[in-house]
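Following: one structure in C-alpha cells, then a few remarks.
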Amino acid sequence: MISVFERQTDILKLISQLDISPTMYKNAEEKYKSLAAFLEKNGILADIYPQGSFAFGTVVRPSANDPNANYDLDFICQLRITRDDIAPSKLRQDIEDALLSSNVYGGKLIKCGECFTIEYADISGIGFSIDIVPAVDESQHIKNELFKLSNNPLLIDTSIAIPRENGKRNYNWITNNPRGFKKWFDDINKPFLDYNRDERRAMIFENNQTLFNSVDDIPSVLEHSALQRVIQILKYHRDMYYKNLSVENHDELKPISAIINTLAAEIAQNASPASDVFTLLAYVLNTLDIYGMQQTISFEEFRQNHSTCTAITRENGKWLIQNPANPQDNLADKWNSNANIPKMFFKWVTICHKDLIESMKLSDHQFYTEMSNAFGEENVRSNWGSKYTTSSPKPINTSVVSKPYRAL
C-alpha cells in the first residue's frame, strides 16, 4: 500500500494545480488596473481592489470540462465619496454609463443585481470574467452603530455601502466590509504563512522566473499557507459533492465560500501554525463535527459542554455565523429559512472527513475510488494515471522460489 505521506503529497499536488496561475493572476491584475485608469479618465475616481477568493489566495480553478465553468474574480469599485454624497441608483448608473461608452468594455458588459460582469476571452478552455461591485464609503453614522455591535471594532472603519437591487432598476444601500474581512483573515493566516515561507517563495520563483525578476516580486496572493490549502480543499470538495447530489436546486443548498473561509479561520486560531495541511484539515473537520451536535441538543447544553466553540451558534433555534467584519451580517441567514441547508452542511462535513482523512487507511484501489469521488475522476486520472489502480505484485514465497532468486 502506498504510504499516507505519499498519498497526502499527491493530493496536495492535485490541489496546487487548481490554483490560479501566476500568468492568470498578472492578467487579471492588469485588467482591473486598466479598468480603474479608464474610469478615472472618464471622471470617476475609484479604488478597485479584489475581494473573495482572489483576495484570500484561495481561488480554485474550475474544470475545463464543465460547460458552465468560469474564473469569476470579484472586485470592489469604490468611489472616493460616502453614501451621503450619492443615491445608490445614481452610483450604478454612472458606472454603467461609463462602461457602456467604451469600445473595450461595452460589448462585454453584463448587468447583474449587485455587480457588472465583464467577460473576457477563454483561457485554456475556461471562461474568464471579472465582477465589478460598485461601492462608496459607508456613512460615519452607520460605522458608529457597527462599532458598538462588533467583536472586532478595529475592522469597522473600512466598511462600505453597496447598491442592491430591490426591484426593477430600484436600489437600496447594504453594508459590506471586504477589506475588514481580509484583514481579519490575514491576521489569522499570518503565523501559518510565515511558517516555512522562504522555502515556499523560493519554489514559486524557481517555477516562474520568466514572470518575476526576484523572489521579492512575487505577490503574496500566490503563496499558500496550510490554512489556505485547507480552504481550497474544502471548497473544491464542496463543489464536487453538491454538484453530484441527486436533489433539485443543489446549488442553493451549497455553503457559500464566506462560510468556509470564516469557519476554517476561526477554528485554525486554536491550531499550531506548524501544522501540516492534513493535520489542520482533520482538526477543522473534527471541530465542525462538534458544531453539528447543535442539530440535536439545546444551545444551553452545547454551550455548557463546548464553551469555546462560538463560531456557529443556534440560540433559540436560530443559526448564526457572524461575519467577523460586519456584525449585522449573519452568514447563516439562509440556514434559518431552509432546514435542509444546515442538515446537508453537516452531512457534507462527515463525507469530507471520510473522503480526505479516513481514506488514508484504505487499500490503494479504494483510496483511488474515494479520491475520484472527491475531486472528479478525470481530474484524478489525469494527475495520477494508473499509480493507484495497477495491481500490486503478489508477495514472493522464498521457500519455493528457484535458486537464482534465493541466491540474490
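Values quoted throughout were computed directly from the atomic coordinates according to the rules given, and no laboratory measurement underlies them. Small disclaimer: the values here were computed from a predicted structure and weren't measured. Cβ placement follows ideal geometry from the backbone for every residue including glycine, while neighbour counts extend to all protein chains displayed.
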- For the chain, with only Lys/Arg (+1) and Asp/Glu (-1) charged at the beta-carbon, what is the dipole magnitude about the Cα centre, in debye rounded to 20? 820
- Message: Given a Förster distance of 30 Å, report the FRET efficiency between residue 80 and residue 121 from their Cβ-Cβ distance, rounded to the nearest 0.05.
- Response: 0.40
- Item | Karplus-derived 3J(HN,Hα), 6.51/-1.76/1.60, for each residue of region 7-18, Hz, glycine and proline x | 4, 5, 4, 5, 5, 5, 5, 4, 5, 4, 6, 8
- So what is Rg over Rh here for region 74-124, counting just Cα atoms and using Kirkwood for Rh? 1.02
- Query: Restricting the count to DSSP beta bridges whose residues both fall in the chain, what percent are antiparallel, rounded to a multiple of 5?
  - Reply: 75
- Note on the structure: Calculated from DSSP helices alone, with each H run of at least 4 adding -39500 (n - 2.57) and the total divided by the residues of the chain, [θ]222 nm to the nearest 500 comes to -14000 deg cm²/dmol
- Note on the structure: Pseudo-spin-label distance residue 97 to residue 197, built 7 Å along Cα→Cβ, given in nm, is 4.6
- Note on the structure: Once residue 389 and residue 304 are pulled to full extension, the length gained, defined as 0.36 nm per residue separation minus their Cα-Cα distance, is 25.8 nm
- Query: Can you list the residues, at least 5 places off or on another chain, whose amide H is less than 5 Å from the amide H of residue 332, using H built in the peptide plane?
  - Reply: 321
- Item | Cα centroid of region 23-60 to Cα centroid of region 133-195, whole Å | 18
- Query: Taking the Cα centre of region 20-181 as origin and charging only Cβ (+1 Lys, Arg; -1 Asp, Glu), how large is the dipole, in debye to the nearest 20?
  - Reply: 80
- 5 Å binning of all Cα-Cα separations within region 238-286, expressed as whole percents from 0 upward: 4, 19, 23, 18, 15, 12, 7, 3, 0
- Note on the structure: Long-range amide H partners of residue 81, meaning residues 5 or more apart or on another chain whose placed amide H is closer than 5 Å, are 137
- Item | Whole-Hz ³J(HN,Hα) from phi, Karplus 6.51 cos²θ - 1.76 cosθ + 1.60, for region 100-109, glycine and proline x | 5, 6, 8, 5, 7, 9, x, x, 9, 8
- Label points 7 Å out from Cα along the Cβ direction at residue 41 and residue 377: separation in nm? 5.1
- Can you give the Rg and Dmax of region 158-266 based on its C-alpha atoms, in angstrom? 18.6, 53
- Message: From the Cα trace of region 20-181, what convex hull volume per residue do you get, rounded to a whole Å³?
- Response: 130
- Considering only 227, 176, 57, whose Cα is most displaced toward the positive end of the charge dipole of the chain, charges sitting on Cβ of Lys, Arg (+1) and Asp, Glu (-1)? 227
- Hey, of (i) 198; (ii) 161; (iii) 244, which did the structure itself give for volume of the Cα convex hull per residue in Å³ when calculated? (i)
- Message: What's the ranking of 190-201, 341-352, 219-230 by average number of surrounding C-beta atoms within 10 Å, highest first?
- Response: 219-230, 341-352, 190-201
- Projecting the Cα atoms of 86, 163, 245 onto the charge dipole of the chain, where Lys and Arg contribute +1 and Asp and Glu -1 at Cβ, the residue farthest towards the positive end is 245
- Note on the structure: When the charge dipole of the chain is computed with +1 on Lys and Arg Cβ and -1 on Asp and Glu Cβ about the Cα centre, the Cα farthest towards its positive end, among 113, 338, 77, belongs to 338
